[in-house]
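FYI, it's all coordinate maths here, none of it is from the lab. If you're wondering where the values come from, they're calculated on a predicted model, not measured in any experiment. Note that each Cβ is placed from the backbone with ideal geometry, even for glycine, and that neighbours are counted across all protein chains shown.
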Amino acid sequence: MPHILGKIKGLRIEDVKSVMEDDARHHSLHEMRLEHLWQNTEDDDEVFFLFKAHDVSQAKRYINKIFFEQTLRLEPKAKVHEIIFLEENQNHKTE
């Protein structure tokens with residue numbers, strides 16, 4: 001199943017968590033579910049998040065259209081530094 005790994009700079013984890021909780025229904029409509037939320041222990045204003053997504057293409061459209069706008073609305077100085085779309089390699093087996 002695809003995952004989305006992201007890094008936001010300029011927001012505290014409490015603020016990101018609040019927005020993620022408020023938007024959970026919208027995420028669900030786009031078949032995305034927040035799996036993890038982390039704060040960098042060396043930088044309180046750097047937050048990482050991990051979503052599980054059913055469809056990478058749908059998730060990309062949603063994120064490009066909505067996610068960046070919402071982050072900037074919450075904090076104009078915030079910067080979404082990275083969004084990485086990950087897909088499991090079905091041919092790779094771990095032992």
Exercise. Starting at the first residue of the range 45-52, write each ³J(HN,Hα) from the Karplus equation 6.51 cos²θ - 1.76 cosθ + 1.60 with θ = phi - 60°, in whole Hz, x for Gly and Pro.
Key: 9, 10, 10, 10, 9, 9, 10, 9
Exercise. With a point put 7 Å past each Cα toward its Cβ, work out how far Leu50 is from Glu14 in nm, to one decimal.
Key: 2.6 nm
Practice problem: Would you please give the residues with an amide H less than 5 Å from that of Leu86, counting only those at least 5 places away or on a separate chain, with H modeled from the backbone geometry? | Solution: His3, Ile4, Leu5
Self-check item: At most 15 other Cβ within 10 Å, DSSP loop - GluC sites (Glu not before Pro), the range 9-71
Solution: Glu31, Glu42
Quiz item: Asn64 to His36: extension gain in nm, 0.36 nm per residue of separation minus the Cα-Cα distance?
Solution: 8.1 nm
